[in-house]
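S.K.: Below you'll find the structure I mean.
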Amino acid sequence: MILRDAVVAAALAAAVAFPSAAQDAAQGAALAEARGCGSCHGAKGIAEQPPMPSLAGQPAEFVTLQMILFRERLRDAPPMPDLAQGLEDGQIEDLAAHFAALPPGPPPDRGEADAGRAGEGAALSQRMNCGVCHLPTYAGRAQIPRVAGQREEYLVHALTQYREGTRRGSDTNMNAVMYGVTDAQIAALAHYLAQR
Amino acid sequence: MFRLSATIGLAAVLALPPLALAQQAPPAAPSWQQGRPDSMAASPLAPHAPRMTVTAPDRLPTSALRVPEGFKVEVWAHGAPGARMMAEGPNGTVFVGSRTIGRVYAISEEGGQRRVRTIAQQLNQPNGVAVRDGNLYVTAINRVLRYDGIEGKLENPGEPADLTAAFNLPTEEHHGWKFTAFSPEGRLFMNIGVPCNICEFDRDRFAMIVSFRPDGSDRRVEAKGVRNSVGFDWHPTTRELWATNNGRDWAGNEMPHDTLLRIRRAGEDFGFPFCVGDWNDPAASERRQCSEFAQPAASLGPHTAPLGARFYTGSMFPETYRNHLFVARRGSWNREQLSGYDVAVARIGADGNVTGIEPFLTGFRDEANNRFLGRPVDVLQRRDGSLLVSDEQNGAIYRISRQ
């Protein structure tokens, strides 16, 4: 285990590369306030209602990439493409630094875990190596998002989109991962991850 | 459509047993891990994150870059996130394709400064850019667009002519991004990569270099069994086609080697998925004699990701570089110790054999910390004889000239 973590750390170091322009979480917080991100994604980045995803604790690189995909209208996910128009790269990096710095946590309306479905999801995740990319804690790294404690219906939505090919992302990895996965399996995976 | 070979099928079953058992048709292993042995199932290696935001000039790794004695390297242009393949127009505009960010840039010189314009956007991996008779051809997976007289209308390129139907390219996205270039005879050449890491596929549709007339007619197979070539050029005197080729992932840190191919006859077969040189890939569906296939001209190292490659024909660099090949190696992800992340020169002797691979531009790879500072994707010789190098990770283009 210790050995594996060391390897993970090495891989992380490789991916971090040269940090881009200095991001400023405080400026990002002010911008998020001015733009009303919290009205949908929660005042502290933990979304309180569907269909919004929580953003607290997402890796900054992931948030940055998604915001660019929205701004460039390469990820079709209303209302975000419209909301991202006019944001400068530096502003996006500040927003990302802000959300990355917020402590992650489950949504206030999260239901009870269903041991059966959570167990099924855990087994699927194990066999499909979800934790290899998303890390064993599912906290994410670099362009790979945190999925632990995300809103369950959002996870179902996202996984279905990858399977259907309606969301591509910064590469085609997730489309390949979700190829041929059934609705029931998606539900189990989402339940398991939402309860983490 | 893509049946898995017995060996790969086994790996897929090991990776995904419940799915394979629960469904009629077992799903293909994810393309990024097809051909991955079970012993590597828990490897934390994953593709590096792209960067799609502008890197400020003072954050570029320019000061870390090294070139041989007598040369200098400087930033030529920046603020072009995701900059990849380059092509120069008759008036000196440099067109730059990209992948994730979906843009094509035009970079022109204005009053000693470079001006970067985005001339196309919202495209799906518009990696291929090529210029012929003042017209810019952009290839984005299967879409082929032609912008006529582009240098006269950089401010407002307008609607391009859509040649997609005429070219009728496969729509598969994985390894579907194109390198394109016009041959000396004026045909448009491009790669058609394999739509997976390693799998069974139609060898007459994928893993090839093909060529067309500029209008998309008269498709010809120029090379087969080429897993994915994202860079090639014609030898200035022999006119032979030389191409870089990317080997597959998940066969260990040292295998297979990425290669440089010399295509002596149109249609030569370089052996993918069966062989790389004399190495029989254990994940291929059948064992074949590797001597059946054309052999690579040189190894460019395991997982180094060699992409853009161009012969030097200018007079700015010393005579010793004339007619030798510059190769940009974008750098590895599927290897524990990073490799590549440089521009090398392939030395080609009078008999057309490769006599050596030398480093030319280095410093993108921080060996001590096993991290990288940039990812060189293409090289382009300008008319003044200087060499441009695009850095996808930093959205920058460097210029190498004599001091």
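Just so you know, all these numbers are worked out from the coordinates, no wet-lab data involved. The structure presented is a predicted model; accordingly, all values stated were derived computationally and were not measured. So basically every Cβ, Gly included, is an ideal-geometry build from the backbone, and we count neighbours across all protein chains shown.
S.K.: Say a paramagnetic label sat at a point 7 Å from the Cα of A:ASP24, along Cα to Cβ; which residues of the range A:89-113 have their backbone N under 18 Å from it?
M.R.: A:89-101
S.K.: I'd like the FRET efficiency for A:GLU112 and A:THR137, computed as 1/(1 + (r/R0)^6) with the beta carbon distance as r and R0 of 25 Å, rounded to 0.05. Could the numbers behind the result be given before it?
M.R.: On the way: r = 22 Å, r/R0 = 0.87.
Once the sixth-power term is evaluated, E becomes 0.70.
S.K.: For chain B, what is the relative contact order in percent, using Cα pairs closer than 8 Å and at least 6 residues apart in sequence? Kindly include the intermediate steps, with their values, before the conclusion.
M.R.: Working: 1082 pairs, mean separation 65.2, N = 403.
Reported relative contact order: 16 percent.
S.K.: Treating only the Cβ atoms of Lys and Arg (+1) and Asp and Glu (-1) as charged, compute the dipole magnitude of the protein assembly as shown about its Cα centre; round to the nearest 20 debye. Spell out each step's value before the answer.
M.R.: Values: 61 positive and 65 negative charges, 123 e Å.
Computed about the Cα centre, the dipole is about 600 debye.
S.K.: If you don't mind, there's one more thing I want to ask. Assuming R0 = 35 Å, what is the FRET efficiency of B:THR238 and A:ALA101, from their Cβ-Cβ distance, to the nearest 0.05? Please report the intermediate quantities before stating the final value.
M.R.: Numbers: r = 58 Å, r/R0 = 1.67.
Once the sixth-power term is evaluated, E becomes 0.05.
S.K.: Starting from the 7 Å offset along Cα-to-Cβ, what nm value, one decimal, do you get for the label separation of A:LYS44 and B:ASP58?
M.R.: 3.6 nm
S.K.: List the GluC sites (Glu not before Pro) within the range B:211-295 that fall in a DSSP loop (any state other than H, G, I, E or B) and whose Cβ has at most 16 other Cβ atoms within 10 Å.
M.R.: On the way: sites: B:GLU222, B:GLU240, B:GLU254, B:GLU268, B:GLU286, B:GLU292; in loops: B:GLU240, B:GLU254, B:GLU286.
Within the range B:211-295, the qualifying GluC sites (Glu not before Pro) (loop, at most 16 other Cβ atoms within 10 Å) are B:GLU240, B:GLU254, B:GLU286.
S.K.: In the range B:52-141, which GluC sites (Glu not before Pro) are in a loop and have at most 15 other Cβ atoms within 10 Å, using DSSP for the loop call?
M.R.: On the way: sites: B:GLU69, B:GLU74, B:GLU88, B:GLU109, B:GLU110; in loops: B:GLU69.
Within the range B:52-141, the qualifying GluC sites (Glu not before Pro) (loop, at most 15 other Cβ atoms within 10 Å) are B:GLU69.
S.K.: Could you work out how much longer the chain between B:ARG322 and B:GLU254 gets when fully extended? Use 0.36 nm per residue separation minus the Cα distance between them, nm to one decimal. Present the calculation step by step, with values, prior to reporting the outcome.
M.R.: On the way: separation 68, 0.36 × 68 = 24.48 nm, distance 3.18 nm.
Gain on stretching B:ARG322 to B:GLU254: 21.3 nm.
S.K.: Calculate the dipole size of the range B:67-402 relative to its Cα centre from +1 charges on Lys and Arg beta carbons and -1 charges on Asp and Glu beta carbons; express the result in debye to the nearest 20.
M.R.: So the dipole magnitude of the range B:67-402 works out to roughly 320 debye.
S.K.: Taking R0 as 35 Å, what's the FRET efficiency between B:GLU185 and A:GLN126 from their Cβ-Cβ distance, rounded to 0.05?
M.R.: Working: r = 55 Å, r/R0 = 1.58.
E(calc), rounded to 0.05, equals 0.05.
S.K.: Remind me, relative contact order of the range B:339-389 in percent, using alpha carbon pairs under 8 angstrom and six or more residues apart?
M.R.: Numbers: 70 pairs, mean separation 14.7, N = 51.
Relative contact order for the range B:339-389 comes out at 29 percent.
S.K.: Go through the range B:128-188 and name the GluC sites (Glu not before Pro) that are in a DSSP coil and have 15 or fewer other Cβ atoms within 10 Å of their Cβ.
M.R.: Details: sites: B:GLU151, B:GLU155, B:GLU172, B:GLU173, B:GLU185; in loops: B:GLU155, B:GLU172, B:GLU173, B:GLU185.
Those satisfying the criteria are B:GLU155, B:GLU185.
S.K.: Using the 10 angstrom Cβ neighbour count as an exposure proxy, how do A:ARG35, B:ARG103, B:ARG287 rank, fewest first? Can you show the working numbers first?
M.R.: Numbers: A:ARG35 14, B:ARG103 23, B:ARG287 11.
Neighbour counts put them in this order, fewest first: B:ARG287, A:ARG35, B:ARG103.
S.K.: Cross-link partners among lysines for B:LYS178, C-alpha distance below 26 Å, same-chain residues fewer than 8 apart left out?
M.R.: Filter leaves B:LYS153, B:LYS224.
S.K.: Averaged over peptide A:60-73, how many Cβ atoms belonging to another chain are found within 10 Å of each residue's Cβ? Let's see the in-between values first.
M.R.: Values: counts 0, 5, 1, 0, 4, 7, 0, 2, 9, 4, 0, 1, 10, 3.
Mean shielding by partner chains, rounded to a whole number: 3.
S.K.: Order by neighbour count: B:LYS224, B:LYS178, fewest other Cβ atoms within 10 Å first, most last. Provide the component values of the computation, followed by the final result.
M.R.: Working: B:LYS224 20, B:LYS178 28.
In increasing order of surrounding Cβ atoms, one gets B:LYS224, B:LYS178.
S.K.: Which distance in nm do the two modelled labels at A:ARG35 and B:ARG115 give, with both placed 7 Å along the Cα-to-Cβ direction?
M.R.: The two pseudo-label positions are separated by 2.9 nm.
S.K.: Over what distance in Å are the Cα centres of the range B:36-114 and the range B:342-361 separated?
M.R.: Here the two parts' Cα centres lie 23 Å apart.
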